[in-house]
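Q: Attaching a single structure in structure tokens format; questions to follow.
Read-outs: derived from the displayed coordinates by stated rules, not from any lab. Keep in mind the model is a prediction, meaning the values are calculated, not measured. FYI the Cβ positions are ideal-geometry reconstructions off the backbone, even for glycines, and counts take in every protein chain you see.
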Amino acid sequence: MSLRVLSRLRSAWGGWLPGVTRPAATMPRAWRGVSAGRTIWLRPMMFLVASGTAFTAAATSVSLRALSEAASVEQRPKSWTGGVVVDTEPSTDPPPAAAPVERLPHSLAELRRAEVVLYQYETCPFCNKLRAYLDYRQIPYRVVEVNPLSKGELKFSTYKKVPVLVVNAVQLNDSGEIIRQLERIAVPDARYNEQWFRWIDDWFVHTLPPNIYRTRQEALQTFDYITEEGNFTPFQRLRVRYFGAAAMYFVSRRLKKKYGIEDERQALYDGCRTWLQAVGWPHRRFMGGDRPDAADVAMFGVLRSIEHFVAFEDLSRNVPDMIQWYEAMKQQVPASARVTGASEMNREG
Ligand SMILES: N[C@@H](CCC(=O)N[C@@H](CS)C(=O)NCC(=O)O)C(=O)O
């Protein structure tokens, strides 16, 4: 194995293993300054990676399953027929845990005083959606970043997806259900467009993974970001960065097929144009009219999860109106209500 196999892997993966041929400018921060003249660090590291092959193969298959699940998000095949969501198969997800509603706060004021803890992955679109909602309603929350491989932080829960929100010790699962429930408490007479709120989960979100893992370069860029923002041990970070990116590149191809997406960028642009048309942009600013409703906040949150990626830059060039809408939303969503402190120091790495 060792260097010969690694060098084969490198060429299969576009000559892009650390410290070998990858241009310094495109290196993840952690690798910068490592390549030139300091390969002495790389050899033991490569050896570490190579000698752990058996373990890595087993562990990686577990990790990749989790990562592919994270990308395939909802497993329900749906077809989008120009405005109507057709549910072709019942969900195989476990139902969200029943929350003893009486223990939940009864008003926005009470919610703002409640103990709210968000178990999440920083980069997950569903978690971004829920964070956007909590920010919008200014409900302070602490964040626990879950390790996607061990999920140790979710030991208390039988539901193993994120986000999970714990409000005054009551566990709430599933971003859409959580937002619906919080919205009923926060603004009992609030109206929001349920059809478009669902459309985001049923269709739009599925256009994102094929876009952020579109090319090998983009998949690596995405994993650089995920591993920098997420809760990983240093060894997991290394493993996930390279094996994960390669796997997701292929998984995203499968997802495209599954959701009948031919051109991922086109699907993203079309999704955004469909959204703008439904909003009535530029005559109407938001799905909720002059003020955003929960559907606007959800769309904003989901888009925010790709803000750092090339796909977002391409979107801004091709559908500039969407970025105007996005910027208009930014004005409406106040500064983050995230409480920083000890709870965020749960990172293993
Ligand atoms: N319908 C759920 C979907 C949540 C979901 O699929 N989350 C992914 C992360 S993006 C997840 O936790 N996947 C399982 C895993 O990582 O093991 C929601 O809206 O919250």
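Q: Using +1 at the C-beta of Lys and Arg and -1 at the C-beta of Asp and Glu, which of Phe197, Ile178, Thr222 has the Cα lying farthest in the positive direction of the dipole of segment 168-230?
A: With unit charges placed on the Cβ atoms, the residue in question is Phe197.
Q: Can you give me the distance in nm between label points at Thr233 and Ala328, each placed 7 Å from the Cα along the Cα-to-Cβ direction?
A: It is 4.9 nm.
Q: Sort Asp224, Asp296, Asp321 so the one with the fewest other Cβ atoms within 10 Å of its own Cβ comes first.
A: Ordered by Cβ neighbours within 10 Å, fewest first: Asp321, Asp224, Asp296.
Q: Here's another thing I want to ask about it. Quick check for me: using +1 on Lys/Arg Cβ and -1 on Asp/Glu Cβ, what's the dipole size of segment 174-245 about its Cα centre, in debye to the nearest 20?
A: Charge dipole of segment 174-245: 320 debye, to the nearest 20.
Q: Arg338's amide H: which non-local residues (gap 5+, or another chain) put their own amide H closer than 5 Å, with H modeled 1.01 Å from N in plane and none for Pro or chain starts?
A: Result for Arg338 returns Tyr141.
Q: Further question: Note down the magnitude of the dipole of segment 253-349 about its Cα centre, charges +1 on Lys and Arg C-beta and -1 on Asp and Glu C-beta and zero elsewhere, to the nearest 20 debye.
A: In debye, rounded to 20, segment 253-349 gives about 260.
Q: Now for a separate question. Eigenvalues of the Cα gyration tensor times 5, then square-rooted: what semi-axes does that give for segment 180-253, in whole angstrom, largest first?
A: So the three semi-axes of segment 180-253 are 34, 17, 8 Å.
Q: In whole Å, what three semi-axes, largest first, describe the equivalent ellipsoid of segment 169-296 built from its Cα gyration tensor (square root of 5 times each eigenvalue)?
A: 32, 22, 12
Q: Cut-off is 10 Å between beta-carbons; in what order do Ser252, Ser157 appear when sorted fewest neighbours first?
A: Result, fewest neighbours first: Ser157, Ser252.
Q: Can you give me the three principal axis dimensions of segment 225-349 from its C-alpha atoms, in Å, biggest first?
A: The principal-axis extents, from largest down, are 51, 42, 23 Å.
Q: Can you sort His308, His106, His283 by how many other beta carbons sit within 10 Å, fewest first?
A: His283, His106, His308
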